[in-house]
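A.B. asks: Provided herewith is a single structure, encoded as structure tokens, for subsequent inquiry.
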Amino acid sequence: MRTTLYIFCCLLILASCKKDKEYLPPDFNYPIPPVDITENVNVGAYFYNYAAADWNKGITDTPLLGNYSALAASVMNQERIWADSAGVDFFIFNWNGASGGDPVLNSFVAGRSSNVKMVINFNTAHINASNTSPVTGAKLNTLIKEFKSLSSSHFANDYYYKINGQPVVMITPLNLSSSKAASIDYPSVIAALRASLDSIGVHPYIIGEITTGWLPPGRYSTAINAMDAVVLSDWSTSTYDRSVFMPAYTDQNWKNWTDSTTTWKKDFVPAVFPGFNDKVMTPSSALFNQDRSGEFYTDMANVAKRNMSSKRLVLINSWNDFQKGTGLEPTGSYGRTYMGITRKQFKVN
């Protein structure tokens, strides 16, 4: 009897231990398994338009094109050719009012014969909204008018990127500053925008941009639920552990985001970079450098594939941000290496 009781107790303890271990969290730093794909991933890359003075602020790498202007036809033509080679489906152009946004859009369109398309990231800053003067009335009418103008100029054209026939547009930022926290009631603004565009037969797929990472999804649930999708575009960090274990930390963070956005029936769009270094432009920056390497970028690409939505959208920040060292565009130091990794990771052939 004593022997039987002893065996029973041992089995009970073992069963209890096994159950506990089933619920232990994963190690913070774990290898990212490769994710094979049988269908192409839809890849967008942020395109930065440099004025002459921008090149003097400090750059991490020297582009093969030199200190160029994207408004030059030969430059933009080469950018489009390289984008096709890298398997980049669209460039993301920041749009902050007609005077600042249209020249680079026109440059991209002129003489285009490549496959890469465009997506416009509508920056609300130029609407000059504030907590005491929100996007209602005349300001809302201005926003809608500008979207209609962009629609008639670009959305319907074959060079504009679409998902299931819907033109993809981005709106930034969802993470409004405290001085503007009440300046945009996104549910009412986006509802009015959709209704106005619906009336002219335009039904956009809207991605809201949060301009930093490492934030809890619940904080922005109201704004996110007004969108079709959300992206956190900048995953640089001032936290040492995150910088050292970046792929694994990002994987766990994005799992949280995909769980939340799936519940809300919204798409989560991962954003990755091949490296990060803002110390050249801002020596006092508290952000840790993320050393550029093929291994790191491959890990981040696989993290993105593990956490992308059914739309299979992944953004790369960036195509050519030389001030933060996040670009894919060829330079004298790493050549076309990261273009090649992009195609290998996100395209079937």
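A.B. asks: Residue 311 is checked against (1) touching a strand residue (DSSP E or B) at 6+ places or on another chain (Cβ under 6 Å); (2) under 30 Å from residue 282 (Cα atoms); (3) of a type in the set (D, E, K, R) and fails just one. What number does that condition carry?
C.D. replies: Just one mismatch for residue 311, condition (2).
A.B. asks: Suppose we filter the stretch 146-185 for residues that are over 16 Å from the mean Cα position of the chain (by Cα) and part of a loop (DSSP other than H, G, I, E, B); how many remain?
C.D. replies: Residues that pass the stated criteria total 13.
A.B. asks: Run residue 58 past the list (1) under 25 Å from residue 283 (Cβ atoms); (2) under 22 Å from the mean Cα position of the chain (by Cα) and report the number of the one that doesn't hold.
C.D. replies: For residue 58, the exception is condition (2).
A.B. asks: OK, next. Looking at residue 107, is it among the hydroxyl-bearing types (Ser, Thr, Tyr), out of contact with any Asp or Glu (no Cβ under 7 Å at 6 or more places or on another chain), free of Cβ contacts under 8 Å to residues at least 40 places away in the same chain and surrounded by 16 or more Cβ atoms within 10 Å (Cβ to Cβ)?
C.D. replies: Working: among the hydroxyl-bearing types (Ser, Thr, Tyr): yes; out of contact with any Asp or Glu (no Cβ under 7 Å at 6 or more places or on another chain): yes; free of Cβ contacts under 8 Å to residues at least 40 places away in the same chain: yes; surrounded by 16 or more Cβ atoms within 10 Å (Cβ to Cβ): yes.
When the stated conditions are applied, residue 107 passes them.
A.B. asks: From the list 335, 325, 340, exactly one residue is modelled with pLDDT of 95 or more, closer than 18 Å to residue 66 by Cα and out of contact with any Phe, Trp or Tyr (no Cβ under 8 Å at 6 or more places or on another chain). Which is it?
C.D. replies: Only one candidate qualifies: 335.
A.B. asks: Also: If you scan the stretch 157-199, which residues turn out to be surrounded by fewer than 13 Cβ atoms within 10 Å (Cβ to Cβ) and hydrophobic (A, V, I, L, M, F, W, C)?
C.D. replies: 181, 191, 195
A.B. asks: Moving on. Among (1) at pLDDT below 95; (2) within 22 Å of residue 44 (Cβ to Cβ), there is one condition residue 281 misses while meeting the rest; what is its number?
C.D. replies: Result: residue 281 fails condition (2) only.
A.B. asks: What residue, of 233, 243, 183, is among the small types (Gly, Ala, Ser) and out of contact with any Phe, Trp or Tyr (no Cβ under 8 Å at 6 or more places or on another chain)? Full working, then the answer.
C.D. replies: On the way: 233 fails: out of contact with any Phe, Trp or Tyr (no Cβ under 8 Å at 6 or more places or on another chain); 243 fails: out of contact with any Phe, Trp or Tyr (no Cβ under 8 Å at 6 or more places or on another chain).
Step by step, each of 233, 243, 183 is checked, and only 183 is among the small types (Gly, Ala, Ser) and out of contact with any Phe, Trp or Tyr (no Cβ under 8 Å at 6 or more places or on another chain).
A.B. asks: Which pairs have Cβ atoms under 9 Å, sit 6 or more apart or on different chains, and link a residue in the stretch 75-86 that is under 8 Å from residue 116 (Cα atoms) and touching a residue at least 12 places away in the same chain (Cβ under 8 Å) to one that is among the hydroxyl-bearing types (Ser, Thr, Tyr) and surrounded by fewer than 17 Cβ atoms within 10 Å (Cβ to Cβ)?
C.D. replies: 80/113
A.B. asks: Working only within the stretch 279-305, note down all residues that are surrounded by 21 or more Cβ atoms within 10 Å (Cβ to Cβ) and either under 16 Å from residue 35 (Cα atoms) or in contact with a Leu (Cβ under 9 Å, 6 or more places away or on another chain) (or both).
C.D. replies: Passing the criteria: 297, 299, 300, 301, 303, 304.
A.B. asks: Turning to a different aspect of this structure: Only one of these conditions is not met by residue 35: (1) closer than 27 Å to residue 271 by Cα; (2) modelled with pLDDT under 95. Which number is it?
C.D. replies: (2)
A.B. asks: Further question on the same structure: For the stretch 257-274, indicate whether the set of residues that are in contact with a Lys or Arg (Cβ under 6 Å, 6 or more places away or on another chain), within 21 Å of residue 43 (Cα to Cα) and at pLDDT 95 or above is non-empty.
C.D. replies: Taking every residue of the stretch 257-274 in turn, at least one turns out to be in contact with a Lys or Arg (Cβ under 6 Å, 6 or more places away or on another chain), within 21 Å of residue 43 (Cα to Cα) and at pLDDT 95 or above.
A.B. asks: Return the residue satisfying two criteria in turn: it lies in the stretch 186-230 and is of a type in the set (S, T, N, Q) and either farther than 30 Å from residue 247 by Cα or part of a helix (DSSP H, G or I) (or both), and of such residues it is farthest from the chain's Cα centre (by Cα).
C.D. replies: Selected residue: 199.
A.B. asks: Restricting the search to the stretch 69-95, which residues are closer than 29 Å to residue 146 by Cα and assigned to a loop (DSSP other than H, G, I, E, B)?
C.D. replies: Within the stretch 69-95, 69, 70, 71, 72, 88, 89 meet the criteria.
A.B. asks: If you don't mind, another one. Say whether the condition of being closer than 30 Å to residue 244 by Cβ and either among the polar types (S, T, N, Q) or out of contact with any His (no Cβ under 9 Å at 6 or more places or on another chain) (or both) is met by at least one residue in the stretch 90-105.
C.D. replies: Here is the first cut: in the stretch 90-105, the residues closer than 30 Å to residue 244 by Cβ are 92.
Remaining after also requiring either among the polar types (S, T, N, Q) or out of contact with any His (no Cβ under 9 Å at 6 or more places or on another chain) (or both): 92.
The answer is yes; a qualifying residue exists.
A.B. asks: What are the residue pairs meeting all of these: first residue in the stretch 173-201, first residue over 23 Å from residue 149 (Cα atoms), second residue surrounded by fewer than 16 Cβ atoms within 10 Å (Cβ to Cβ) and aliphatic (A, V, I, L, M), Cβ atoms under 9 Å, and 6 or more apart or on different chains?
C.D. replies: Between residues of the stretch 173-201 that are over 23 Å from residue 149 (Cα atoms) and residues that are surrounded by fewer than 16 Cβ atoms within 10 Å (Cβ to Cβ) and aliphatic (A, V, I, L, M), the close pairs are 175/215; 176/182.
The values are calculated or read from the model by the stated rules, or taken from the named source; none is laboratory data. What you see is a predicted model; the values in this text were computed from it and never measured. Positions of Cβ are backbone-derived with ideal geometry, glycine not excepted, and every protein chain shown enters the neighbour counts.
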